[in-house]
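As structure tokens, the structure follows; a few thoughts come after it.
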Amino acid sequence: MNTLYILYLLFALLFPTNGTADWKEYQDPSEGCTIGVALGRATPDGRPLLWKTRDASATDNEVYYRTSLPIKYVCVISAGITSNSWMGVNSKGFAIINSVSSDLPGGTTGMGNGTLMAYVLGHCATVSDFQNLLDSTNVTGR
């Protein structure tokens, strides 16, 4: 539990997020998230590092701890909207972030960005689980 508390504080202090339910409501083509990954060999303790800064104009956000799905997780949500997640890590150690690209063709009918990430955090324990989910939702798009 101490680890989750530390993650909660880390998210609360370092990662601003957007305050709207749907990224399309606020997306400015000039905005995008800053993300980064460091391999374990590049960190002092040998563990990989994943981070994200939400580079968006709206900043009404919350850190949320969800316990109602099969896998518990901590994430950043738009304030008061618990159905989406904009980044997070679950109790199995699986983490997910995104960076929106507004230059891709639209027309998907599947889960949206934040909904997909919330589902992944609550249901995927491994990269293999995530790959299976991506394969199964490829037809509808994401």
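Numbers for the structure displayed
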read-out	value
Order of LYS72, LYS52 under a 10 Å beta carbon neighbour criterion, fewest first	LYS72, LYS52
Nonlocal amide H pairs with THR82, under 5 Å, H built at 1.01 Å	none
Label-to-label distance, nm, for residues given as THR137 and TYR65 (7 Å Cα→Cβ offset)	2.6 nm
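Bear in mind these aren't lab numbers, they're just calculated from the coordinates by the rules spelled out. Since the structure is predicted, the reported quantities are computational estimates derived from the model, not experimental observations. Cβ sites come from the backbone with ideal geometry, for glycine too, and all protein chains shown count toward neighbours.
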